[in-house]
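Values quoted throughout were computed directly from the atomic coordinates according to the rules given, and no laboratory measurement underlies them. For clarity, every value in this text was computed on a predicted model and none was experimentally measured. Glycine also receives a Cβ, built like all others from the backbone with ideal geometry; neighbour counts cover every protein chain displayed.
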């Protein structure tokens with residue numbers, strides 16, 4: 001028997017790793033999705049689901065070596081962002097005010113700040129785009 005197998009060439013050798021790659025991804029059926037949507041209408045069920053989900057994320061992040069604080073990078077603010085931060089509107093949240101202050105610091109000292117601050121300022125500039133160029 002082994003004599004005959006030596007002459008046969010197999011196109012694909014199925015190993016456990018090949019089977020995993022070619023296996024279809026599981027997706028919930030319509031009934032499962034419908035049941036889940038109904039279950040999420042209940043505020044208690046939804047709160048427990050969100051708590052479980054955030055616990056899983058926290059567990060993954062605690063073991064990860066990825067630096068989430070600098071995930072989007074750090075950048076020096078532009079003059080347009082600086083001008084907007086200096087002439088900012090009065091109705092800003094504390095988070096937006098802090099972003100404006102960091103943008104002012106970044107531009108004047110040529111220091112890099114988190115992309116989150118720059119993103120907040122760019123959103124504010126777009127919201128008030130009548131006075132400033134679009135970014």
Fewest-first ordering of 38, 44 by Cβ atoms within 10 Å yields 44, 38
With the 8 Å Cα cutoff and a minimum separation of six or more residues, segment 74-127 has a relative contact order in percent of 50
By Cβ neighbour count within 10 Å, fewest first, 129, 62 rank 62, 129
In Å³ per residue, the alpha-carbon convex hull of segment 74-127 encloses 61
So, with points 7 Å from each Cα along the Cβ direction, the residue 32-residue 78 label distance in nm works out to 4.6
Descending packing, highest mean Cβ count within 10 Å first, for 105-113, 52-60, 85-93 is 105-113, 85-93, 52-60
Placing each pseudo-label 7 Å from Cα in the direction of the beta carbon, residue 61 and residue 126 end up separated by a distance in nanometres of 2.3
